[in-house]
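Asker: Take this structure first; my questions come after.
Derivation of every value follows stated rules applied to the coordinates shown; laboratory data play no part. From a predicted model like this one, the values you see are computed outputs, not experimental measurements. Note that we place each Cβ from the backbone using ideal geometry, even for glycine, and neighbour counts take in every protein chain shown.
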Amino acid sequence: MNGRKLLFLLGFGITLLTNSIMADDVKARAIMEKVDARDDGKTIEQDMLMVLIDKNGNERKRDLKSYEKDFGADEYKILFFKSPADVKNTAFLTYDYDDPSRDDDQWLYLPALKKVKRIPSADKSSSFMGSDFSYFDMTDRDLEDYDFKLLKETKVRGHDAWMIEATPRNQEVIDESGYTKTIAIVRKDNYMVVRAINFMTNGKKKYLDLKKIHQESGIWLVDNMTMTTKKGKTTVHKTILTFNNIKLNRPIDDNIFTTRRLEKGL
């Protein structure tokens with residue numbers, strides 16, 4: 001769940017649209033198709049530090065290990081919590097299917113219960129392990145589920161960018177995601193979503209900011225990112241993710257991405 005795909009946690013992991021009849025902005029959709037087409041590698045292995053910050057500034061830190069791998073057009077991801085003790089050996093597995101007619105699969109292993117739990121669609125808008133990311137954020141969204149609109153051209157940290165609005169096309173998508181719309185900032189030079197605002201059905205907003213990115217072998221990766229939940233101007237909660245020891249396009253055994261491996265752990 002590095003920046004290569006975490007930027008899609010906000011809804012920009014896109015399957016190319018085959019329906020030529022569209023009610024949205026052709027230019028905005030073309031930009032998002034290029035976001036989807038951007039090379040993000042075949043595999044990635046990395047260490048992660050998750051920092052959870054509550055409204056009073058209190059912090060909780062969690063160490064994780066993650067693996068991602070492309071299986072044809074599909075992508076599998078697995079996360080292992082290494083510390084602290086209250087979350088150690090918890091593990092999360094997700095299968096992102098390219099086929100828009102097929103629901104993505106997600107499983108969570110809870111060591112206290114010694115049980116693998118499948119995440120149903122009705123629960124995907126809930127928080128992932130107390131963070132500001134939801135289970136829905138952990139998978140890619142399908143292009144045909146959204147109308148896109150180019151709001152304006154802008155700049156972010158000195159780089160030219162587009163501001164694009166994504167609106168769900170039906171209530172089912174809203175109910176599953178918990179979002180009524182998303183506004184994303186896409187850098188023109190690398191087609192990365194570097195900032196975004198998710199408008200939640202409960203009236204709150206979640207702000208994504210890719211604080212630091214770098215390029216490796218022609219592929220852009222994220223070093224540090226934040227997701228901040230706000231109610232009005234008040235910060236309710238914040239999650240900081242930092243990525244280290246990133247290994248790109250190295251061999252990863254297929255057997256890592258199984259529910260059995262969730263139970264076995266690292």
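Asker: Going toward the positive end of the dipole of the range 21-154, with +1 on Lys and Arg Cβ and -1 on Asp and Glu Cβ, which of 48, 26, 146 do you reach last?
Answerer: The residue sitting farthest along the positive end of the dipole is 48.
Asker: Continuing with this model, one more query. Helix-only estimate, please: 222 nm mean residue ellipticity of the chain, summing -39500 (n - 2.57) across DSSP H runs of length 4 or more and dividing by its residues, to the nearest 500.
Answerer: Only helices count here, giving -3000 deg cm²/dmol.
Asker: Using modelled backbone amide H atoms (1.01 Å from N, in-plane), which distant-in-sequence or interchain residues come within less than 5 Å of residue 156's amide H?
Answerer: Under 5 Å from the amide H of residue 156 lie the amide H atoms of 161, each far enough along the sequence or on another chain.
Asker: Over 17 Å, how big is the tail of the calculated P(r) for the range 30-72, in percent of all Cα pairs? Provide the component values of the computation, followed by the final result.
Answerer: Numbers: 535 of 903 pairs.
Tail of P(r) above 17 Å: 59 percent of Cα pairs.
Asker: Averaged over every viewing direction, what's the projected area of the C-alpha convex hull for the range 55-115? Give it in nm², one decimal, please.
Answerer: Values: hull surface 24.3 nm².
If you wrap the Cα atoms of the range 55-115 in a convex hull and average its projections, you get 6.1 nm².
Asker: Using a ≥ b ≥ c from the Cα gyration tensor of the range 214-265 (square roots of the eigenvalues), is it rounded, prolate or oblate, where a/c under 1.5 gives rounded and otherwise the larger of a/b and b/c decides, a/b for prolate? Let's see the in-between values first.
Answerer: Working: a/c = 3.91, a/b = 1.49, b/c = 2.63.
Oblate shape, in that a/c is at least 1.5 and b/c is the bigger or equal ratio.
Asker: Looking at the square roots a ≥ b ≥ c of the eigenvalues of the Cα gyration tensor of the range 53-165, which shape do they give, rounded for a/c under 1.5, prolate if a/b is larger than b/c, or oblate? Can you show the working numbers first?
Answerer: Values: a/c = 2.11, a/b = 1.32, b/c = 1.60.
It is oblate, given that a/c is not under 1.5 and a/b is not larger than b/c.
Asker: For residue 141, list long-range residues whose amide hydrogen, built 1.01 Å from N in the peptide plane, is under 5 Å from its own amide hydrogen.
Answerer: Amide H neighbours of residue 141: 11, 12, 13.
Asker: Another one. Roughly what would the spin-label model give for residue 214 and residue 114, points 7 Å off Cα along C-beta, in nm?
Answerer: In this crude spin-label approximation the distance works out to 4.3 nm.
Asker: If you take the square roots of the eigenvalues of the alpha-carbon gyration tensor of the range 117-180 and sort them as a ≥ b ≥ c, do you get rounded (a/c under 1.5), prolate (a/b over b/c) or oblate?
Answerer: Working: a/c = 3.22, a/b = 1.64, b/c = 1.96.
Oblate shape, in that a/c is at least 1.5 and b/c is the bigger or equal ratio.
Asker: Can you list the lysines whose alpha carbon is less than 16 Å from that of residue 34, not counting same-chain residues fewer than 8 positions off?
Answerer: Here the lysines satisfying the reach criterion relative to residue 34 are 5, 149, 188.
Asker: Which of 100, 57, 248 sits closest to the plus end of the dipole of the chain, meaning its Cα is farthest towards the positive end, when Lys and Arg get +1 and Asp and Glu get -1 on the C-beta?
Answerer: Towards the positive end, the residue furthest out is 57.
Asker: I need to check one value: relative contact order of the range 138-266, counting alpha carbon pairs closer than 8 Å and at least 6 residues apart, in percent.
Answerer: The normalised contact order for the range 138-266 reaches 12 percent.
Asker: Give me, ordered by chain and number, the residues 5 or more places off residue 119 or on other chains with an amide H under 5 Å from its own placed amide H.
Answerer: Under 5 Å from the amide H of residue 119 lie the amide H atoms of 106, 107, 108, each far enough along the sequence or on another chain.
Asker: Hey, what D do you get for the chain in µm²/s if you plug the Kirkwood alpha-carbon radius into Stokes-Einstein at 10 °C and 1.306 mPa s? Present the calculation step by step, with values, prior to reporting the outcome.
Answerer: Working: Rh = 18.7 Å.
The estimated diffusion coefficient comes to 85 µm²/s.
Asker: Sticking with this structure for a sec: Tell me the label-point distance for the pair residue 43, residue 101, using the 7 Å Cα-to-Cβ offset, in nm and rounded to one decimal.
Answerer: 3.2
Asker: Same structure again: Return the Cα extents of the range 201-243 along principal axes one, two and three, sorted largest first, each rounded to a whole Å.
Answerer: The Cα atoms of the range 201-243 stretch 41, 17, 13 Å along the principal axes, largest first.
Asker: Further question on the same structure: Taking the simple approach of a point 7 Å from Cα along Cα-to-Cβ for both residue 264 and residue 170, what is their distance in nm?
Answerer: It works out to 3.9 nm between the two label points.
Asker: Could I ask something else about it? Using the Cα centre of the chain as origin and beta-carbon charges of +1 (Lys, Arg) and -1 (Asp, Glu), tell me which of 259, 222, 168 is placed farthest towards the positive end of the dipole.
Answerer: Checking the options against the dipole of the chain, the answer is 222.
Asker: Quote to one decimal, in nm, the extra length available between residue 244 and residue 151 on full extension: 0.36 nm per residue of separation minus the C-alpha distance between them. Write out the running numbers ahead of the final one.
Answerer: On the way: separation 93, 0.36 × 93 = 33.48 nm, distance 3.47 nm.
Full extension of this stretch gives 30.0 nm more.
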